[in-house]
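Reading through the structure tokens given below for one structure.
The values are calculated or read from the model by the stated rules, or taken from the named source; none is laboratory data. Keep in mind the model is a prediction, meaning the values are calculated, not measured. No Cβ is skipped: glycine too gets one built from the backbone with ideal geometry, and neighbour counts run over all protein chains shown. These area figures cover heavy atoms from the full protein model, side chains too; ligands, DNA and RNA do not enter into them. Shrake-Rupley method; radii C 1.70, N 1.55, O 1.52, S 1.80 Å.
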Amino acid sequence: MSTQAQWRPRFHFTAPQGWINDPNGLIYYQGQYHLFYQHNPHGCHWASMHWGHAVSSDLLNWRHLPIALAPDAEYDAHAEGGVFSGSALEKDGRLHLFYTGCVPGRAAPQTQNMATSDDGLHFHKYQGNPVVPESPLTQGRQNFRDPKVFAHAGRFYMVVGCCEGNVESDGDGKVLLFTSPDLYRWHFQTVLFSSNGAYGRMPECPDFFPMEDKWVLTFAPMYMPDGSQTVWIAGDMDFTEGRFTPLCSGRMDYGPDFYAPQSFEDNQGRRLGIGWMSSLPWMPWHESFGPTASEGWCGALSLPRQYHLNGEHRLCALPIAEVDALRRQEVRFTRLEVGQTPFLFTTGETGSFEIRLQFAPSEVASGNLRLSLLGGSGADVELEISLTHGTLALHRAKNRFQPQMTAYAPLHVTSEAVNIRVIVDKSTIEVFVGEGEVCLSMNIYPQKGDSGNALWVPYKNAILRNVWVAEMAAVPN
Ligand code: FRU
């Protein structure tokens, strides 16, 4: 079924059928990874949110399980609401899920709720729900959602996104911090972070986690002035005072199709994050959710990414090492000379492949290098690496389903060798630079046979130290 479809990714997570958005409740529990996700099992459009559920031993091969949470309680049953995003935490061997119940039309339509499980398969909503019945900000009740729960120094904490004021006009984004001794009784502690106009009007899906001696706040800001969809802010945290002091910030991804990421720490101590690979109608460049409903599905999740802070405390993310094992028939070109006449190569018929480029800036005389992808019937994509301008640009030509667009990212060349990695999986493209200081995700809907790729320079030849091209294997899901 799935793997034969023209656009369904072969190793990115998609639902068996229907609509999917944010990843939820990521956790390593009872010997396997659990992934929950925002899901409408009844159609390829957003409606009446459920939590879909899958498990895996390697974060790539996922086994679909029955729906974990359905919108069937007084505080979450609604066709235009439902069981919204949230997170998972294990305590005393029991799995605890926290989510927003959304029933539009009420004075406090968004409440924080809990469900538990002892086997990771059957879930029971807590009788005492909601555990947080409304926002402590009286002007913040309409948009109050996406609890991320974590343990620190013998206590439990929850961050929740909130818009104080009107999200359509002049509201301000806040991340609220709650604390609990037992996961049942929650108290508002403080406003952990205020956008003050600079970080959008509503921080969706906030996440807050330690990395080295810093704490990192990430969220998906609605209506961010510069168009960012996902941001990270690293800083110092004082839990006693409830004071977060930001030091530096950046974008988690520069492409149009990465949103609402959530992270967790796995059993190997890795901080891993997954995002939803799509955009939403309120984003300026959004035109549609693409043509995949014709295949019975809509929405994919990003590759799991491993986070780390670089020497400047900047958040970086690269695909987990498990992805490397999917490479097949890898070809390596060494000291490849590239000129204005394109160096042409194909990437197999499957539509799932990886290209890695490694070059020394001093050997790219033109200061500009182009990688054209998926050439053929018109769904062309071109990655333009401009050393002269310090930018990376991913251009997507207009195609049958999408408008033309270009996503830009900064390219700081500080090292001797630049490494750029491009992973294409049918209808998804993810680009990673260096240690993951730049990630860029974009969807594309190629036609069958669009498998021609080319490397070229606009003038003056370049020498690439290494180019690796591999087909990527499918996973059974
Ligand atoms: C982000 C989001 C969340 C919400 C969920 C509903 O994409 O809007 O804020 O909980 O989707 O599906």
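Quick notes on this structure:
- Any chance Ala88 is among the small types (Gly, Ala, Ser), surrounded by fewer than 21 Cβ atoms within 10 Å (Cβ to Cβ) and more than 13 Å from the ligand (Cβ to nearest atom): no
- Any chance Ile420 is under 24 Å from Gln340 (Cα atoms), buried (at least 18 other Cβ atoms within 10 Å of the Cβ) and not hydroxyl-bearing (Ser, Thr, Tyr): yes
- Selection status of Ser56, within 14 Å of the ligand (Cβ to nearest atom) and either free of Cβ contacts under 8 Å to residues at least 24 places away in the same chain or out of contact with any helix residue (DSSP H, G or I) (no Cβ under 6 Å at 6 or more places or on another chain) (or both): no
- Criterion applied to Thr138, Thr190 was being polar (S, T, N, Q), assigned to a strand (DSSP E or B) and either touching a His at 6+ places or on another chain (Cβ under 8 Å) or over 21 Å from Met252 (Cβ atoms) (or both), and the one residue passing it is Thr190.
- Screening the range 63-75 for residues that are open to solvent by less than 20 Å² (accessible area, probe 1.4 Å) and touching a Leu at 6+ places or on another chain (Cβ under 8 Å) and picking the one that is farthest from the ligand (Cβ to nearest atom) gives Ala68.
- Leading residue by the ranking (surrounded by the fewest Cβ atoms within 10 Å (Cβ to Cβ)) among those in the range 305-355 that are part of a loop (DSSP other than H, G, I, E, B) and β-branched (Val, Ile, Thr): Thr341
- Taken over the range 163-184, the criterion of being touching a residue at least 40 places away in the same chain (Cβ under 8 Å), in a loop (DSSP other than H, G, I, E, B) and either away from the ligand (no atom under 16 Å from the Cβ) or not β-branched (Val, Ile, Thr) (or both) is satisfied by Leu183, Tyr184.
- Taking first residues from the range 113-125 that are open to solvent by 70 Å² or more (accessible area, probe 1.4 Å) and partners that are part of a loop (DSSP other than H, G, I, E, B), the Cβ contacts under 9 Å between residues at least 6 apart in sequence or on separate chains come to Asp118/Gly93; Asp119/Gln30.
- Residues located in the range 356-391, provided they are under 18 Å from Asn453 (Cβ atoms) and assigned to a loop (DSSP other than H, G, I, E, B): Gly376, Ser377, Gly378, Ala379, Asp380
- Subset of the range 8-28 that is assigned to a strand (DSSP E or B) and more than 14 Å from the ligand (Cβ to nearest atom) - its residue that is surrounded by the most Cβ atoms within 10 Å (Cβ to Cβ): Thr14
- Search result, residues across the range 29-67 that are touching a Ser or Thr at 6+ places or on another chain (Cβ under 8 Å) and outside any loop (DSSP other than H, G, I, E, B): Gln32, Tyr33, Leu35, Gln38, Asn40, Trp62, Arg63
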